[in-house]
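Participant: Here's a structure for you.
The values are calculated or read from the model by the stated rules, or taken from the named source; none is laboratory data. Everything numeric in this text was worked out from a predicted model, so none of it was measured. Here the Cβ positions follow ideal geometry from the backbone for every residue, glycine too, while neighbour counts run over all protein chains shown. These area figures cover heavy atoms from the full protein model, side chains too; ligands, DNA and RNA do not enter into them. Shrake-Rupley method; radii C 1.70, N 1.55, O 1.52, S 1.80 Å.
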Amino acid sequence: MSGGVESGLSEEMINLTRGPSGLGFNIVGGTDQPYLPNDSGIYVSRIKENGAAAVDGRVQEGDKILAINGKDLKDLQHREAVDLFRNAGDDVSLKVQHRLQPQNGPVVYRGDGEPGGIPLAAILVPGLALAVAAVWLFLRYRQRM
């Protein structure tokens with residue numbers, strides 16, 4: 001990786017060769033439709049399965065694309081950024097900013113449909129078993145009276 005690590009971010013130069021599905025990712029952002037509040041940068045929103053970016057493996061969803069073929073992507077409208085990607089040629093150089101993952105710390109929601117924590121069944125099954133046992137004991141005690 002090139003670039004420095006500043007406040008949980010790192011920069012990397014990534015060279016991709018355009019494939020049948022282009023560069024293999026979708027982008028969001030721009031001055032006219034910011035992806036994050038107070039940030040008009042261009043971000044990777046989706047990696048296409050078996051596309052150039054997926055095969056390479058370094059570009060990740062959520063990465064910020066800082067430049068393409070040396071052209072800074074600051075202060076561009078979304079359509080201007082899309083046009084730059086479309087007209088970049090077959091061999092493309094990207095300057096990408098990654099967010100670093102914490103090495104130690106709490107597990108957080110990953111956004112892949114799998115929340116952390118205790119599964120609901122682990123709470124419901126023992127609770128249901130206790131309720132059934134309580135009803136059984138109550139009915140049995142009531143019969144003896």
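Participant: Being in a loop (DSSP other than H, G, I, E, B) and closer than 17 Å to Ala67 by Cα is the filter here, so list the residues in segment 36-54 that pass it.
Facilitator: Restricting attention to segment 36-54, the residues satisfying the condition of being in a loop (DSSP other than H, G, I, E, B) are 37-38, 40-41, 48-51.
Matches in segment 36-54: Ser40, Gly41.
Participant: Then there's this: Determine whether Ser93 is surrounded by fewer than 10 Cβ atoms within 10 Å (Cβ to Cβ) and either of a type in the set (Gly, Ala, Ser) or at pLDDT 90 or above (or both).
Facilitator: The answer is no for Ser93.
Participant: Where the second residue is surrounded by 11 or more Cβ atoms within 10 Å (Cβ to Cβ) and assigned to a loop (DSSP other than H, G, I, E, B) and the first is of a type in the set (Phe, Trp, Tyr) and lies in segment 69-87, which pairs have Cβ atoms under 9 Å and are six or more apart or on separate chains?
Facilitator: Phe85/Leu23
Participant: Could you pull out the residue among Gly41, Gly51 that is touching a strand residue (DSSP E or B) at 6+ places or on another chain (Cβ under 8 Å) and farther than 17 Å from Ala81 by Cα?
Facilitator: Gly51
Participant: Just to check your reading of the model, which residue among Val107, Val135, Val125 is at pLDDT 85 or above and among the β-branched types (Val, Ile, Thr)?
Facilitator: Selected residue: Val135, the only one of Val107, Val135, Val125 that is at pLDDT 85 or above and among the β-branched types (Val, Ile, Thr).
Participant: With the checklist (1) part of a loop (DSSP other than H, G, I, E, B); (2) open to solvent by 60 Å² or more (accessible area, probe 1.4 Å) in hand, flag the one item Asp83 doesn't pass.
Facilitator: Here Asp83 meets the rest and fails (1).
Participant: Go through segment 46-59 and report how many residues are open to solvent by less than 50 Å² (accessible area, probe 1.4 Å) and not hydrophobic (A, V, I, L, M, F, W, C).
Facilitator: Let us first name the residues in segment 46-59 that are open to solvent by less than 50 Å² (accessible area, probe 1.4 Å), namely 47, 51-54, 57, 59.
After this cut, where a residue has to be not hydrophobic (A, V, I, L, M, F, W, C) as well, the list is 51, 57.
Looking only at that region, the number is 2.
Participant: Going by the conditions given, is Gly62 open to solvent by 20 Å² or more (accessible area, probe 1.4 Å) and among the small types (Gly, Ala, Ser)?
Facilitator: The answer is yes for Gly62.
Participant: If a residue must be open to solvent by less than 60 Å² (accessible area, probe 1.4 Å), assigned to a strand (DSSP E or B) and either at pLDDT below 85 or not hydroxyl-bearing (Ser, Thr, Tyr) (or both), how many such residues does segment 1-25 contain?
Facilitator: So the count comes out to 8.
Participant: Does segment 27-43 hold any residues that are surrounded by fewer than 16 Cβ atoms within 10 Å (Cβ to Cβ) and of a type outside the set (A, V, I, L, M), and which are they?
Facilitator: Within segment 27-43, Thr31, Asp32, Gln33, Pro34, Pro37, Asn38, Asp39 qualify.
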